[in-house]
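Below: one structure, written as structure tokens.
The values are calculated or read from the model by the stated rules, or taken from the named source; none is laboratory data. All values derive from a computational prediction rather than experimental measurement. Glycine gets a Cβ as well: all are built from the backbone with ideal geometry, and neighbour counts include every protein chain shown.
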Amino acid sequence: MKFTESLIISLIAEHYSLAVICRILNGYDELNFLLTDSSDKKYIFKIATEEHNPYFLDAQVQMINLLSKSALSKKFQHYIPANSSVDIGKIIFDGSTYYFRLLSYLEGDFWVNQKEKMLALSYNLGLFLGEMDLTLKDFKHPAANRHYDWDVKNTLDVRKNLHYIKSHENRRLVAYFLMQFETEVQPHISSLRNAVIHNDANDYNVLVEGDQITGLIDFGDMVCTSLINNLAIACTYAMLDSEKPLEVAAEIVKGYHSKMAITELEVSLVYYLIAGRLCISLCQSAFNYSKDSSNEHHFLTEKPAWQLMHQLIKINPLKAHNEFRLACEFSAVINPNENHETILKERKQYLGNNLSISYNTKLKIDKGALQYLYDDQGNTFLDCVNNVSHVGHCHPTVVKAMQKQIATLNTNTRYLNDAIVEYAKRLTGTLPEELTVCYFTNSGSEANDLAIRMSRHFTKQKDVIVLDHAYHGTSTTAIEMSPYKFDGKGGFGKMLYIHKAQNPDMYRGAFKYGDNQAGEKYAQDVDRIILSLEIESKKPAAFICETLLGVGGQIALPPNYLKEVYTKVRKTGGICIADEVQVGFGRVGTKFWGFELQDVVPDIVVLGKPIGNGHPLAAVITTKKIADAFNNGMEYFNTFGGNPVSMATGLAVLNVIEEEELQKNVLEVGNYLLHRLASLKPKYNIIGDVRGNGLFVGVELVKDRITMEPAVPEIDHIVERMKDRGFLMSTDGPLYNVLKIKPPIIFSKENADAFVDNLDQVFAEL
């Protein structure tokens, strides 16, 4: 039934003996009307449908009646009884039941309309809520014991609506915080204090004047739940549209605690409860969009809520916890003077001393959050270098797949299991049709070792051609074919059966950018090696090459280089191995695999690092012909290679790349990042070269562009200064003068801008 203004006026005259004028107000749930009588006195008239439990409406009445007897009386609406002396009236129209209530009107402006919000206002909001919750601490009503979608305790219920969020980035962000809620909050809910709370001190329900709280309206969300949720909800909405949301929340916590003491357990959860409320709100908005809702109240806070969600993940949870503890005058959980001497001493005692640690001031990373890392000092870092966490640290889809499988089964490949076959199918489905047989290992080093073993078995030869400065892993065989290691400090030198081909570096090498035949010219150096082997009546067993050079200097191969080399090697009967450990799985953007940039099909492809998003998983994929030859009677068995947990993890990574269109993201963001980095080159002579594909990027730094003298130690200073600014990166290249930039492929344009803007400022400091 449609309640018109004229109908409302007649209802008020009949049931309250008041002559009023009426204006319809928007509302989220119930129907609301603003009434004004002849003396300009205002009222709020509310109508609820028969779907609303009258006992729950009574609970609202009882709660407000209790508050009206407290020192806060003037900050709440009062119920005005009908002529029949009841606070809740009932009418029946066209066979439907409606419940109505008349309330006094509160003066004041909504929190959301205050353009300048001083911190005193946040503190006073905390004071007000603390006093209100103290007044209500013994309030009970059976109808408040309900299951309610907007109860933060039920945050995980919104997973059913997660798929309605269309943006991959936003959906991933909400999924991450839901996973954190499950881990950090859910186990403690039964230990938290319960109370009947208002449950919706949002920016449209809190009334203010200056820096004072003048009222709180709308008790329709009241519920019996964890007491701390009332504070967390208020913090959530007060933080909206704030440039310093953590400061705002800390002031509310401080004010609240001064009236209603918070426990240490409760304060440890506030950050995650705030995230939980945002998850509920954003999933509900997405669901409402799917239903083509025209109710503007369904979307009022959506834009600022997304903004806050993106701000929240940049706030180290430890920092938030520390700030909230200090607001309550608890001891700090961050020791700013901690220098990690104890852990450094114990590392030296119990670990090999050639296990290196990054940065002059060492970092103790405690938590990962997609493209961010959090340390033990409350700092947040944008991870610009960890290509191992390919789809982001603690990606919820990958984590959930691992958790589910490890709780079900983990064993070796001697038993039949669907997962290993399914994953092999999916993985080979991304590769050329010739590459059909998989062998699973635990690391890229192990996979490269196996690939060389297979090539030697197939060709009956031992010699291997590698690129100068290459690195292929840590096993004995991998070290033997890694000039980066055997030619470096502590190296044992080149073995007689290893042969170094020229590094096809178009910046420093003999053949430069602009030479259209550079690929073919660099490839001719392989002829030299093949000829030298022929003189000794030998042939190469294999040519192995990263399809973009990592340690070699973040170098994209010249066009046609691999096509030429593969042709030469195959003429001798040798095997061509593509090391995709660092560059595969869509990182190069335009293609899924690095070798596709060269328009070649390898005989063996080696995968590692990103394949399991940090889980120890790698693979060798080859042709049936090579695999059949390798099946010579000696069993190939790898205890953990291909275990069900690894297979579930690998499948999850492939699913994420596909479902979140991450290769497309790499192409767009990678091109944007390269453009922004290239724009710095005219400003700073220290930048010699900017190169790469997708999110595999190198910036080579030189003291002089003519002599190309490497800019060391300048580059180390830059890396340290960027770390101080919250950006983690590293160096690479034969001369250690290349900034390597290989972030998780969920890296955004916003991340790229923040990174380049700060790099610009660090260059300017030089």
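Overview of values
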quantity	calculated
Contacts under 7 angstrom Cβ, first residue in segment 213-227 being in contact (Cβ under 8 Å) with a residue 60 or more places away in the chain, partner acidic (Asp, Glu) and not in a strand (DSSP E or B), 6 or more apart	Thr214/Glu107; Gly220/Asp29; Gly220/Glu30; Asp221/Asp200; Val223/Asp151; Thr225/Asp151; Leu227/Asp133
Residue check for Gly586: closer than 22 Å to Asn448 by Cα and modelled with pLDDT under 95	no
Residue list for segment 458-476, filter: more than 18 Å from Gly488 (Cβ to Cβ) and in a helix (DSSP H, G or I)	Phe458, Thr459
Only listed residue being among the small types (Gly, Ala, Ser), without any contact (Cβ under 8 Å) to a residue 40 or more places away in the chain, touching a His at 6+ places or on another chain (Cβ under 9 Å) and not assigned by TED's automatic domain parsing to the domain that holds Leu673, chosen from Ser532, Ser537	Ser532
Top-ranked residue in segment 570-602 [being free of Cβ contacts under 8 Å to residues at least 40 places away in the same chain and among the acidic types (Asp, Glu); ranked as farthest from Glu433 (Cα to Cα)]	Glu580
Residue, farthest from the chain's Cα centre (by Cα), within segment 686-718, restricted to residues that are assigned to a helix (DSSP H, G or I) and surrounded by 21 or more Cβ atoms within 10 Å (Cβ to Cβ)	Ile715
Residues (hydroxyl-bearing (Ser, Thr, Tyr) and farther than 19 Å from Met239 by Cβ) located in segment 186-224	Ser190, Ser191, Thr214
Filter pass, Tyr471 being in the same structural domain as Thr622 (by TED's automatic domain parsing), touching a Leu at 6+ places or on another chain (Cβ under 7 Å) and aromatic (Phe, Trp, Tyr)	no
Arg172 assigned to a loop (DSSP other than H, G, I, E, B) and among the basic types (Lys, Arg)	no
Subset of segment 403-416 that is within 14 Å of Gly642 (Cα to Cα) and surrounded by fewer than 18 Cβ atoms within 10 Å (Cβ to Cβ) - its residue that is nearest to the chain's Cα centre (by Cα)	Ile406
Pairs, first more than 14 Å from Ile604 (Cβ to Cβ) and assigned by TED's automatic domain parsing to the domain that holds Pro432 in segment 616-638, second of a type in the set (Gly, Ala, Ser) and not in a loop (DSSP other than H, G, I, E, B), C-beta under 8 Å, six or more apart	Pro616/Ser646; Leu617/Ser646; Leu617/Gly650
Neighbours by Cβ (under 6 Å, 6+ apart or cross-chain): first from segment 125-139, closer than 16 Å to Gln62 by Cβ and assigned by TED's automatic domain parsing to the domain that holds Tyr204; second among the hydroxyl-bearing types (Ser, Thr, Tyr) and surrounded by fewer than 21 Cβ atoms within 10 Å (Cβ to Cβ)	Thr135/Ser70
Leading residue by the ranking (surrounded by the fewest Cβ atoms within 10 Å (Cβ to Cβ)) among those in segment 634-672 that are farther than 30 Å from Ala407 by Cα and in contact with an Asp or Glu (Cβ under 9 Å, 6 or more places away or on another chain)	Tyr672
Ile465 being among the β-branched types (Val, Ile, Thr), in contact (Cβ under 8 Å) with a residue 24 or more places away in the chain and touching a strand residue (DSSP E or B) at 6+ places or on another chain (Cβ under 6 Å)	yes
Number of positions in segment 412-430 that are within 25 Å of Ser475 (Cβ to Cβ), of a type in the set (S, T, N, Q) and assigned to a loop (DSSP other than H, G, I, E, B)	2
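One line per residue, one yes/no per condition, for (1) surrounded by fewer than 18 Cβ atoms within 10 Å (Cβ to Cβ); (2) touching a Phe, Trp or Tyr at 6+ places or on another chain (Cβ under 7 Å):
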{"position": "Ala518", "(1), (2)": "no, yes"}
{"position": "Asp525", "(1), (2)": "no, no"}
{"position": "Arg528", "(1), (2)": "yes, no"}
{"position": "Leu533", "(1), (2)": "no, no"}
{"position": "Lys538", "(1), (2)": "yes, no"}
{"position": "Cys545", "(1), (2)": "no, no"}
{"position": "Thr567", "(1), (2)": "yes, no"}
{"position": "Lys571", "(1), (2)": "yes, no"}
{"position": "Gly574", "(1), (2)": "no, yes"}
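Yes or no, residue by residue, for (1) surrounded by fewer than 22 Cβ atoms within 10 Å (Cβ to Cβ); (2) under 33 Å from the mean Cα position of the chain (by Cα); (3) assigned to a loop (DSSP other than H, G, I, E, B):
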site: Pro432; (1), (2), (3): yes, yes, yes
site: Glu446; (1), (2), (3): no, yes, no
site: Arg456; (1), (2), (3): yes, no, no
site: Lys494; (1), (2), (3): yes, no, yes
site: Lys500; (1), (2), (3): yes, no, no
